[in-house]
1. Could you say whether any residue in the range 203-222 is touching a Leu at 6+ places or on another chain (Cβ under 6 Å) and among the β-branched types (Val, Ile, Thr)?
2. Tell me, which residue of the range 133-150 that is out of contact with any Asp or Glu (no Cβ under 6 Å at 6 or more places or on another chain) and of a type in the set (D, E, K, R) is surrounded by the most Cβ atoms within 10 Å (Cβ to Cβ)?
3. Spot the failing condition for residue 149; the list is (1) touching a residue at least 40 places away in the same chain (Cβ under 8 Å); (2) within 29 Å of residue 46 (Cα to Cα); (3) in a helix (DSSP H, G or I); (4) charged (D, E, K, R), and only one is missed.
4. Kindly establish whether residue 207 is among the hydrophobic types (A, V, I, L, M, F, W, C), crowded, with 16+ Cβ neighbours inside 10 Å and within 19 Å of residue 265 (Cα to Cα).
5. Starting from residues that are over 11 Å from residue 77 (Cα atoms) and surrounded by fewer than 22 Cβ atoms within 10 Å (Cβ to Cβ), keep the ones in the range 1-15 and report whichever is farthest from the chain's Cα centre (by Cα).
6. Scan the range 107-132 residue by residue and report those that are of a type in the set (Ser, Thr, Tyr) and crowded, with 21+ Cβ neighbours inside 10 Å.
7. Mind listing whichever residues of the range 61-106 are part of a loop (DSSP other than H, G, I, E, B), in contact with a Gly (Cβ under 9 Å, 6 or more places away or on another chain) and open to solvent by 90 Å² or more (accessible area, probe 1.4 Å)?
8. From the list 153, 159, which residue is open to solvent by less than 10 Å² (accessible area, probe 1.4 Å) and not β-branched (Val, Ile, Thr)?
Amino acid sequence: MALRIGLVIVEGREVLVAADAEGRPVDLGAMAEKELGMRILRDPVELAMDPDALASLDPLLDPEEGVAERYRIPQPDRWLPPFRRPSKVLALAWNYRAHAEEGGREVPAEPVFFAKAPSCLIGHGECIVVPEGIGRVDPEVELAVVLGRRARAVSAQEAYDCVAGYTVFNDVTARDLQRGDIKEGRPWFRAKSLDTFGPVGPWLVTADEVGDPHGLTLELEVNGKIRQRATTADMLFSVPELVEYISQYITLCPGDVIATGTPAGIAPVRPGDEVVCRVEGIGTLINSVVSAG
């Protein structure tokens, strides 16, 4: 069964939420307990992998039933990433031909992936904080895959069984740092992992609701102007191929995130800008850019 699951802070407490028919957050725990006598104290990823629980909860979100509106949260204090404590955040470089070409790179013959520190993750509505003197900063819209099961040396045919769902990811990059590190032969980890440089969310959309993730429109908008627009059909390496490839080398764990790469059109942002990332059928992620201090 399909569900859109998230995590928010309300009056100082963490609340597991689901999206109602209009995309507004509903207190999933309170609704399940009062309507079904079922306690839900679990990670969104764990819930996404439990078809029996999803089947019980899904009818409560039917707008014709009128149940969900009694548990709506008008305005959360804060949105969190829609999963807890991933052991790894991995991202793909040059997984769209046009993006590789705009950077003067050859199209890779196999996936090129790198790590971002999990500590860089922030939620929908949080601010991207640019440290003083950091230079150019680029946002990058991406479809992200969230693992639901341990994956070690899985085949592409087995990959979807390991996927809990999908979310929107903004692979914010300190471009000047990255270029300097490349020139000196150093890894990109610093440039990709600054605090707040991993906006994600707001929803974890269960895999069954998305179906085939390779025909979704991606857009990145800055201050109302579209900078990136493409479709996941343009990815060089598909979701199953990425899970298969990465899992040959690194064990993927529940809650781990794979950001599948960004299309062409990258350009810098500055403090005061608003960045909107959209992935069709997944959601809209909005974050403002501010200066540190």
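1. Yes: the range 203-222 contains one or more residues that are touching a Leu at 6+ places or on another chain (Cβ under 6 Å) and among the β-branched types (Val, Ile, Thr).
2. Taking the range 133-150 as the starting set, the residues that turn out to be out of contact with any Asp or Glu (no Cβ under 6 Å at 6 or more places or on another chain) are 133-134, 137-139, 141, 143-146, 148-150.
Then drop every residue that is not of a type in the set (D, E, K, R), which leaves 138, 149-150.
Details: 138: 18, 149: 15, 150: 13.
Out of the qualifying residues, it is 138.
3. (3)
4. Working: among the hydrophobic types (A, V, I, L, M, F, W, C): yes; crowded, with 16+ Cβ neighbours inside 10 Å: yes; within 19 Å of residue 265 (Cα to Cα): no.
Criteria not met by residue 207.
5. 1
6. Step one: of the range 107-132, the residues of a type in the set (Ser, Thr, Tyr) are 119.
Across the range 107-132, there are no qualifying residues.
7. Result: 77, 85.
8. Numbers: 153 fails: open to solvent by less than 10 Å² (accessible area, probe 1.4 Å).
Residue meeting the stated conditions: 159.
The values are calculated or read from the model by the stated rules, or taken from the named source; none is laboratory data. All values reported here derive from a predicted model rather than from experimental measurement. A quick note on method: Cβ atoms are made from the backbone with ideal geometry, for glycine too, and the neighbour counts reach across all protein chains shown. Only protein heavy atoms, including side chains, enter the accessible area calculation; ligands, DNA and RNA are left aside. Shrake-Rupley method; radii C 1.70, N 1.55, O 1.52, S 1.80 Å.
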